[in-house]
2 protein chains.
Amino acid sequence: RFTCSASNNDRMAFIDFPYVSTSHKHLMLDLVSTVQNRLNSFLNPCTLPPDVESYQNETGTAHAALHLQSGVQSSPIDFVLGSWLHCKLPSGGALNITSLSAYLNSSTDAPNFLVELIQSSPTSMVLILDLPPRVDLVLDPEYLKTFYEDTQLDKHRQYLDQLSEVKPYFSSSLYIRSVVSPTAILVRIETEGLEEMIKTHISPIAKEVLKTWLDVCAFGDRVVGESERDYLKKRDEMSKSKTIEIDLGSNLPRLFGQETANRVLEALREVF
Amino acid sequence: RFTCSASNNDRMAFIDFPYVSTSHKHLMLDLVSTVQNRLNSFLNPCTLPPDVESYQNETGTAHAALHLQSGVQSSPIDFVLGSWLHCKLPSGGALNITSLSAYLNSSTDAPNFLVELIQSSPTSMVLILDLPPRVDLVLDPEYLKTFYEDTQLDKHRQYLDQLSEVKPYFSSSLYIRSVVSPTAILVRIETEGLEEMIKTHISPIAKEVLKTWLDVCAFGDRVVGESERDYLKKRDEMSKSKTIEIDLGSNLPRLFGQETANRVLEALREVF
């Protein structure tokens, strides 16, 4: 099923998640395989070059992997992107980021899906979990009702908010704060028991939010008229190009050198 | 200057702020007089009927006051609205809300201004302080830069975030969460020393944010082309009608009875 990557060579493939803890890896594998299973007939094989699928810096202190599948013509999927990044920190620890995002195309205006786990120490993790909206919610209360109120997405955020180890997290990028939905889970988790926290609290919520996205958004059959498609395309393009600029524009060259960064960004810009 | 209301009768006028603490009252008076002074030539006199300017319920357990001034034709001001509400709680305490908001018209797309202090106990207060944007920020990174990044509005939110008495606040309304900016201050303050907290931390920040709004938004000379005005008008109307519905639609009848609620809502709907 993972048409891009095999683990039978030196490269560490996306699906290996080689650097993260067991419960973190299990969560990511569960989310990735759920997306693969449900969207199976919608997705093209991954066609990334091997040196973009998996890459590292010269000194071997930073590794990363990508898995990118575009949607087939008749599907509502623009593309699905998975990634992980591992980077040794000068302090002795390591930064580990894993993410999975799914973007719909302009045949529908239903929200996208995004999950990202950012672990900067054995006891600290940032979780971003959201269905980012694709229209201006201020102008469209019906959209807000359909995708955020009726789906009761806020109950997951409220549940995590009750846990003493969990604090709201504010992205340093105001643009990223603007892109997320009003029910976005943006939290920092500080605990000695991070493994248990992921298993008991984060995993069930992430799986449930993905299920909501698959049922209501990817398979929601919400069709958009020809006249609205230009607006959607424009907004999607702006949102994607700004997101890639903020996420990767400065970090990739810093971590992997300009040459590798250019190679990766060029491959991603084909879909972003 | 307060053309609507005099304090020389039984009614408690907007400008009296009769129920809140000294530092809370001083803050509101400072903000109101700053707006009055700076926007003086832009504002029409308040023309609310006396029984909308100040009203109460039958048993006298709930009082409220409004002060509304529309902008003169050639100004960028749509209207400025001040309000307070006092309501005895069954528990023995009282709920006190004071607010000041300023809406610009479609000659400019600069953000509006909003401050609201909601005190539900002597040791607990919710503060909402923001310049709500009037365009879709995802589509307009330049707007985000002009009004939110270059103005460094987020430093105020970050400053409050450092205080142990201050916690992020999430409105129960997803629509209200959508209307605010990415630098919105939405916090709950829990402290025995609320008076001191308002004086030392809240007041300077509220005054500074208002100054930013006056300098950069109300007097920003940011002109909007004819073609964008329809979009702005539509978005403003939706945002105002939803806000009034959420803020007052269910609360006013509950607190003051249907007849008074209808009278007040009717007066407000002329500008909202």
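The values are calculated or read from the model by the stated rules, or taken from the named source; none is laboratory data. Note that the structure is a prediction, hence the values are computed from the model and not measured. Counting neighbours? That spans all protein chains shown, and the Cβs are built from the backbone with ideal geometry, glycine included.
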Next item on the list: Please go through segment A:221-249 and pick out each residue that is of a type in the set (Ser, Thr, Tyr) and within 13 Å of chain B (Cβ to nearest Cβ).
Entry: A:Tyr231, A:Ser239, A:Ser241, A:Thr243
Margin query: Among the residues that make up segment B:178-185, is at least one of them assigned to a strand (DSSP E or B), touching a residue at least 40 places away in the same chain (Cβ under 8 Å) and surrounded by 16 or more Cβ atoms within 10 Å (Cβ to Cβ)?
Written below: yes
Margin query: Testing A:Leu127 on (1) part of a helix (DSSP H, G or I); (2) under 25 Å from A:Asp247 (Cβ atoms); (3) in contact (Cβ under 8 Å) with a residue 12 or more places away in the chain, one condition comes back false. Which one is that?
Written below: (1)
Check: How about segment B:48-69: which of its residues are part of a loop (DSSP other than H, G, I, E, B) and surrounded by 14 or more Cβ atoms within 10 Å (Cβ to Cβ)?
Finding: B:Leu48, B:Asn57, B:Thr61
Item checked: Close pairs (9 angstrom Cβ cut-off, 6 or more residues apart or separate chains): free of Cβ contacts under 8 Å to residues at least 60 places away in the same chain in segment A:244-272, in a helix (DSSP H, G or I) and of a type in the set (Phe, Trp, Tyr) anywhere -> A:Glu245/A:Tyr175
Margin query: Looking only at segment B:226-269, how many residues end up being surrounded by fewer than 12 Cβ atoms within 10 Å (Cβ to Cβ) and either touching a strand residue (DSSP E or B) at 6+ places or on another chain (Cβ under 9 Å) or of a type in the set (Lys, Arg) (or both)?
Written below: 1
Check: Quick one: is B:Val115 surrounded by fewer than 22 Cβ atoms within 10 Å (Cβ to Cβ), more than 29 Å from A:Lys240 (Cα to Cα), β-branched (Val, Ile, Thr) and touching a residue at least 60 places away in the same chain (Cβ under 8 Å)?
Finding: no
Margin query: Going by what's in this entry, would B:Gly193 be described as more than 18 Å from the chain's Cα centre (by Cα) and either at negative phi or within 14 Å of chain A (Cβ to nearest Cβ) (or both)?
Written below: yes
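Would you call B:Pro111 in contact with a helix residue (DSSP H, G or I) (Cβ under 6 Å, 6 or more places away or on another chain), within 14 Å of chain A (Cβ to nearest Cβ) and modelled with pLDDT of 95 or more? Steps first, answer last, please.
On the way: in contact with a helix residue (DSSP H, G or I) (Cβ under 6 Å, 6 or more places away or on another chain): yes; within 14 Å of chain A (Cβ to nearest Cβ): yes; modelled with pLDDT of 95 or more: yes.
In short, yes.
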Note to self: Of the conditions (1) touching a residue at least 24 places away in the same chain (Cβ under 8 Å); (2) farther than 26 Å from B:Ile202 by Cα, B:Ala102 satisfies every one except a single condition; which number is it?
What the structure shows: (2)
Next item on the list: State which residue is surrounded by the most Cβ atoms within 10 Å (Cβ to Cβ) when the search covers only segment A:70-90 and only residues that are small (Gly, Ala, Ser) and in contact with a His (Cβ under 8 Å, 6 or more places away or on another chain).
Entry: A:Gly82
Check: Where residues in segment B:205-225 are assigned to a helix (DSSP H, G or I) and over 17 Å from the mean Cα position of the chain (by Cα), which of them is surrounded by the most Cβ atoms within 10 Å (Cβ to Cβ)?
Finding: B:Val216
Check: For segment A:94-108, does any single residue satisfy the condition of being under 27 Å from B:Asp236 (Cα atoms) and away from chain B (no Cβ under 14 Å)?
Finding: yes
Check: Condition test on A:Val80, is it β-branched (Val, Ile, Thr), free of Cβ contacts under 8 Å to residues at least 60 places away in the same chain and more than 13 Å from every other protein chain (Cβ to nearest Cβ)?
Finding: yes
Checklist line | Residue selected from segment B:116-141 under the condition within 11 Å of chain A (Cβ to nearest Cβ) and among the charged types (D, E, K, R), by the criterion nearest to B:Asn105 (Cα to Cα) | finding: B:Arg134
Next item on the list: For segment A:22-45, enumerate the residues that are in contact with a strand residue (DSSP E or B) (Cβ under 9 Å, 6 or more places away or on another chain), part of a helix (DSSP H, G or I) and touching a residue at least 12 places away in the same chain (Cβ under 8 Å).
Entry: A:His24, A:Leu27, A:Met28, A:Leu31, A:Val32, A:Val35, A:Gln36, A:Leu39, A:Phe42
Note to self: Considering only residues that are farther than 30 Å from A:Lys234 by Cα, more than 9 Å from every other protein chain (Cβ to nearest Cβ) and not in a loop (DSSP other than H, G, I, E, B), which ones fall in segment B:142-177?
What the structure shows: B:Lys155, B:His156, B:Tyr159, B:Leu160, B:Val166
Checklist line | Given (1) buried (at least 21 other Cβ atoms within 10 Å of the Cβ); (2) at negative phi, index of the condition A:Thr123 fails | finding: (1)
